[in-house]
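The values are calculated or read from the model by the stated rules, or taken from the named source; none is laboratory data. All figures in this text were calculated on a predicted structure; none of them were measured in a lab. Here Cβ is always computed from backbone atoms with ideal geometry, including for glycine, and neighbour counts include all displayed protein chains.
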Amino acid sequence: MTETRWLTPEQQAAWRALITMTGNLQAVLDRQLQRTAGIPHAYYLILAMLSESEGRSLRMSELAGVLHASASRTSHAVARLEESGWVRRERHATDGRGNVAVLTDSGWQVLVAAAPHHVESVRAGVFDPLTPEQVEQLRVIALAITAGLEVVDQPLPSEQHSTG
């Protein structure tokens with residue numbers, strides 16, 4: 001077994017700042033959307049992802065993928081949005097095997113009403129404190145971390161199953 005590569009004091013400080021920032025960001029956006037639209041951030045993201053998709057619809061598995069959420073968590077959230085009349089589920093038109101989440105006109109109106117407040121919160125909380133150079137640095141850093149997480153998320157050799 002290899003020796004643990006502990007974080008340096010500078011890395012530890014950056015790590016703590018990152019987890020504090022991401023936690024605060026999620027909490028603030030969730031509270032803002034609860035106040036202005038009566039929905040949690042997770043539901044807003046579902047409405048937004050559907051609004052940006054062809055036909056305002058996505059397979060449930062694709063929706064879970066873009067949300068980085070489990071199939072069961074996505075299904076539960078979509079069920080709650082269905083109760084409100086903002087989303088409906090349909091069988092896939094061509095293969096009939098999978099379900100598709102579809103943004104309804106009512107859901108679209110909720111999103112249109114919520115979006116200006118949400119965008120202003122993102123702008124005020126994330127982008128206004130940064131210089132244009134820092135915004136570019138943020139983009140580059142976020143992409144680098146995302147790529148690193150994809151490497152970390154690979155199964156360990158002990159977790160891989162042989163097929164032979």
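Considering only the stretch 33-52, state which residues are among the polar types (S, T, N, Q) and modelled with pLDDT under 95.
First pass over the stretch 33-52, keeping only residues among the polar types (S, T, N, Q): 34, 36, 51.
Thr36, the sole residue that qualifies.
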>> Would you confirm whether or not the stretch 55-70 contains a residue that is in a loop (DSSP other than H, G, I, E, B), within 22 Å of Val119 (Cα to Cα) and modelled with pLDDT under 95?
In response: yes
> Does any residue of the stretch 122-134 turn out to be assigned to a loop (DSSP other than H, G, I, E, B) and farther than 30 Å from Ala14 by Cβ?
Replying inline: no
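Run down Arg88, Arg97 and say which single residue is charged (D, E, K, R), over 14 Å from the mean Cα position of the chain (by Cα) and surrounded by 12 or more Cβ atoms within 10 Å (Cβ to Cβ).
Arg88
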>> Condition first: assigned to a helix (DSSP H, G or I) and either under 20 Å from the mean Cα position of the chain (by Cα) or surrounded by 15 or more Cβ atoms within 10 Å (Cβ to Cβ) (or both). Now tell me which residues in the stretch 103-112 satisfy that.
In response: Gly107, Trp108, Val110, Leu111, Val112
> Leu7 fails exactly one of the following numbered conditions: (1) under 21 Å from Thr146 (Cβ atoms); (2) within 20 Å of the chain's Cα centre (by Cα). What is the number of that condition?
Replying inline: (2)
> Counting only residues that are within 18 Å of the chain's Cα centre (by Cα) and surrounded by 11 or more Cβ atoms within 10 Å (Cβ to Cβ), which one in the stretch 124-144 is nearest to Gln34 (Cα to Cα)?
Replying inline: Gly125
> From the set of residues in the stretch 52-77 that are under 23 Å from Leu25 (Cα atoms) and in contact with a helix residue (DSSP H, G or I) (Cβ under 7 Å, 6 or more places away or on another chain), which is surrounded by the most Cβ atoms within 10 Å (Cβ to Cβ)?
Replying inline: Leu63
> Pick from the stretch 14-35 the residues that are more than 15 Å from the chain's Cα centre (by Cα), closer than 26 Å to Pro116 by Cα and of a type in the set (D, E, K, R): which of them is surrounded by the most Cβ atoms within 10 Å (Cβ to Cβ)?
Replying inline: Arg31
>> Taking the criterion of being more than 22 Å from Arg35 (Cβ to Cβ), out of contact with any Lys or Arg (no Cβ under 6 Å at 6 or more places or on another chain) and surrounded by 14 or more Cβ atoms within 10 Å (Cβ to Cβ), would at least one residue in the stretch 153-162 satisfy it?
In response: no
> In the stretch 71-90, which residues are part of a helix (DSSP H, G or I) and of a type in the set (S, T, N, Q)?
Replying inline: Ser72, Thr74, Ser75
> Mind checking whether some residue in the stretch 80-97 is modelled with pLDDT under 95 and under 22 Å from Ala142 (Cβ atoms)?
Replying inline: no
> Applying the selection to the stretch 44-54, what residues are outside any loop (DSSP other than H, G, I, E, B), out of contact with any Phe, Trp or Tyr (no Cβ under 8 Å at 6 or more places or on another chain) and within 20 Å of Ala114 (Cβ to Cβ)?
Replying inline: Tyr44, Leu45, Ile46, Ala48, Met49, Leu50
